[in-house]
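Engineer: Quick one: structure below, then a few questions.
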Amino acid sequence: MLATLAQTVAALLALTALAWTLWHGITEGRTALAFGVLVGLGELARWGSARTREPAPLGAAGALAYALLGENAGHHTHHGAPQVIAVVVAASLVGAVPHVARGKGPSPDQVARRLLSVGFAAVCFQPLYNSGLLEERVGHGPYFALVIVAVLVLTALCDAVLAAAMAHARTRWPFGPLLRDELRALLGIGSAVCATGAVMALAVAVAGLWALPVFSLPLLLTQLSFRRYAAVRATYRQTIASLARATEIAGCTPQGHAHRVARLSKAVGRDLGLFEPDLTVLEHAALMHDIGQLSLVDPVPEGATAGLPEAEQRRMALLGGAVVRQTGVDPAVAVVVERQADPYREQPLAARIVRTANAYDEMARGEGPSGALGGPLYALERLRLATGRDHQPEVVESLARVLARERSGPRGAARG
């Protein structure tokens with residue numbers, strides 16, 4: 001598996017770099033210590049979960065800056081790529097200890113990606129600089145800065161491809177949308193990390209190590225802004241989850257129905273290649289798809305609305321969409337909710353997915369063995385028989401693939 005291979009390569013790279021550095025000794029120890037402290041502090045300031053795309057941006061920027069460092073206050077540096085990797089590994093391990101003790105340490109995928117990315121940047125830059133070839137060809141003017149930017153761009157692109165490939169290998173979700181999401185993320189915190197790493201390397205070349213704390217401040221402020229934004233998004237999702245539970249509390253739907261439909265809908269959306277913003281709308285719509293049942297005088301037994309007359313289903317869908325619009329949720333969520341009762345050829349894809357996931361959960365809710373009345377196989381066969389008008393065949397088959405993966409064993413979830 002690709003993820004295991006990447007982790008193995010990263011581990012061998014780290015061990016080789018550490019052994020090389022211990023054997024030859026550390027060159028320019030003061031510089032190595034300064035960048036090691038920066039990377040370690042960046043790891044200590046780690047935030048978010050293992051799924052966060054870049055939970056330690058300061059540490060990542062410091063590691064890239066050290067990989068691209070050619071001069072220190074006008075004096076040539078002579079550390080090589082192995083020392084860069086060794087310092088980053090040692091500092092990252094020290095900084096991650098408190099997080100590991102609390103059970104919130106970096107995931108193996110994140111560690112592997114960090115080492116491989118830093119190693120790639122260092123191998124691209126350090127041999128060219130130490131051999132004098134870079135100075136001979138471009139000097140120390142604007143072309144030198146362009147070389148650093150070019151190496152950073154290549155590093156970021158390789159990291160995005162690696163992240164998407166590892167997620168695809170784990171989950172079997174389409175590679176294209178995963179790569180698109182990773183490239184989109186580069187425009188956010190990824191660009192801030194790369195820009196800060198480049199500025200740090202160029203600033204240390206002129207002003208010395210005092211430039212490190214000065215140019216760390218903007219990225220720390222950016223990290224603080226991202227943390228606040230993440231907190232707002234978490235609160236937003238909690239609000240939607242609380243609204244979704246209203247139908248359960250009122251006795252209109254069984255416990256956990258909305259969350260099961262949301263989980264299945266998001267998995268089907270990923271399998272069909274939806275991008276991250278569309279998946280967010282899909283998940284929120286799935287959580288709130290039954291909110292219209294609050295308008296019923298008598299709750300439907302077990303919340304099984306799929307068997308109701310079309311007019312009643314459409315009335316509840318429209319009422320549900322109206323309720324969603326009053327909550328301040330993204331209007332796209334309301335559109336999906338109010339369109340879920342339409343014939344599938346007239347629905348947006350997200351509404352087709354929610355409708356199919358909802359019908360599956362209602363039909364498969366029984367405790368019978370697979371294939372018995374109310375079981376998963378029975379539910380899938382019923383959905384396949386209803387593909388003429390009620391359910392899109394591609395969505396039903398995607399649901400079947402998702403369920404087959406779940407039966408075959410748990411797989412790690414991708415980032416984001």
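Engineer: Among 254-261, 71-78, how do they line up by average Cβ neighbours within 10 Å per residue, starting with the highest?
Structural biologist: Result, highest mean first: 254-261, 71-78.
Engineer: For the range 281-293, in order, what is each residue's ³J(HN,Hα) by Karplus, 6.51 cos²θ - 1.76 cosθ + 1.60 with θ = phi - 60°, in whole Hz (x at glycine and Pro)?
Structural biologist: 4, 4, 5, 5, 5, 5, 5, 10, 5, 9, 4, x, 5
Engineer: Can you tell me the relative contact order of the chain? Whole percent, Cα pairs under 8 Å, sequence separation 6 or more.
Structural biologist: Reported as a whole number, the value is 15 percent.
Engineer: With P(r) over Cα pairs in 20 Å bins from 0, in percent as the read-out, I listed (i) 26, 51, 19, 4, 0; (ii) 21, 39, 32, 8, 0; (iii) 24, 43, 25, 7, 0; which label goes with the value calculated from this structure?
Structural biologist: Computing P(r) over Cα pairs in 20 Å bins from 0, in percent and matching it to (i) 26, 51, 19, 4, 0; (ii) 21, 39, 32, 8, 0; (iii) 24, 43, 25, 7, 0 gives (iii).
Engineer: Also, quick follow-up: Top to bottom by accessible area (1.4 Å), largest first, where do Val396, Val335, Val153 land?
Structural biologist: Val153, Val335, Val396
Engineer: Do the sum for the chain: with -39,500 (n - 2.57) for every DSSP H run of n ≥ 4, divided by all residues, what is the mean residue ellipticity at 222 nm, to the nearest 500 deg cm²/dmol?
Structural biologist: Per the formula, -23500 deg cm²/dmol.
Engineer: Just read off the accessible area of Arg325 with the full protein assembly in place, 1.4 Å probe, to the nearest 10 Å².
Structural biologist: Its heavy atoms expose roughly 110 Å² to the probe.
Engineer: Tell me, what ³J(HN,Hα) does each residue in the range 338-353 have, in order and in whole Hz, if you take phi through Karplus 6.51 cos²θ - 1.76 cosθ + 1.60 with θ = phi - 60° and put x for Gly and Pro?
Structural biologist: Couplings: 7, 9, 5, 8, 6, x, 4, 5, 9, 9, x, 4, 4, 5, 4, 5 Hz.
Engineer: Provide Rg and Dmax in Å for the range 1-136, with only Cα atoms included in the calculation.
Structural biologist: Looking at the range 1-136, its Cα Rg and Dmax stand at 14.8, 50 Å.
Engineer: I'd like to check one number: the per residue accessible area of the chain, probe 1.4 Å, reported in Å² as a whole number.
Structural biologist: 46
Engineer: Okay, next question. Probe 1.4 Å, all protein chains in place: accessible area of Asp271 in Å², nearest 10?
Structural biologist: We get 20 Å² for Asp271.
Engineer: With a 1.4 Å probe and all protein chains kept in place, how much accessible area does Leu385 have, in Å² rounded to the nearest 10?
Structural biologist: Counting only protein heavy atoms, Leu385 exposes about 150 Å² to solvent.
Engineer: Ordering Glu283, Glu28, Glu136, Glu346 by how much accessible area each has at a 1.4 Å probe, largest first, what is the list?
Structural biologist: Descending order: Glu136, Glu346, Glu28, Glu283.
Engineer: Report in % the part of the accessible area of the range 49-145 that belongs to carbon and sulfur, leaving out ligands and nucleic acids; probe 1.4 Å.
Structural biologist: Using a 1.4 Å probe with all protein chains present, the range 49-145 comes out at 65 percent carbon and sulfur.
Engineer: Here's a follow-up. For Cα pairs less than 8 Å apart in space and 6+ apart in sequence, what is the mean separation divided by the residue count of the range 304-357, i.e. the relative contact order in percent?
Structural biologist: Once normalised by length, the contact order is 30 percent.
Engineer: Keeping all protein chains in place and using 1.4 angstrom, which order do Ile26, Ile240 fall into by accessible surface area, from largest down?
Structural biologist: Highest to lowest solvent-accessible surface, that is Ile26, Ile240.
The values are calculated or read from the model by the stated rules, or taken from the named source; none is laboratory data. Every value quoted in this text rests on a predicted model; they were computed, and no experiment measured them. Please note: Cβ atoms are built from the backbone with ideal geometry, for glycine as well, and neighbour counts cover all protein chains shown. Remember, those area values only see protein heavy atoms, side chains included, never the ligands or the DNA or RNA. Shrake-Rupley method; radii C 1.70, N 1.55, O 1.52, S 1.80 Å.
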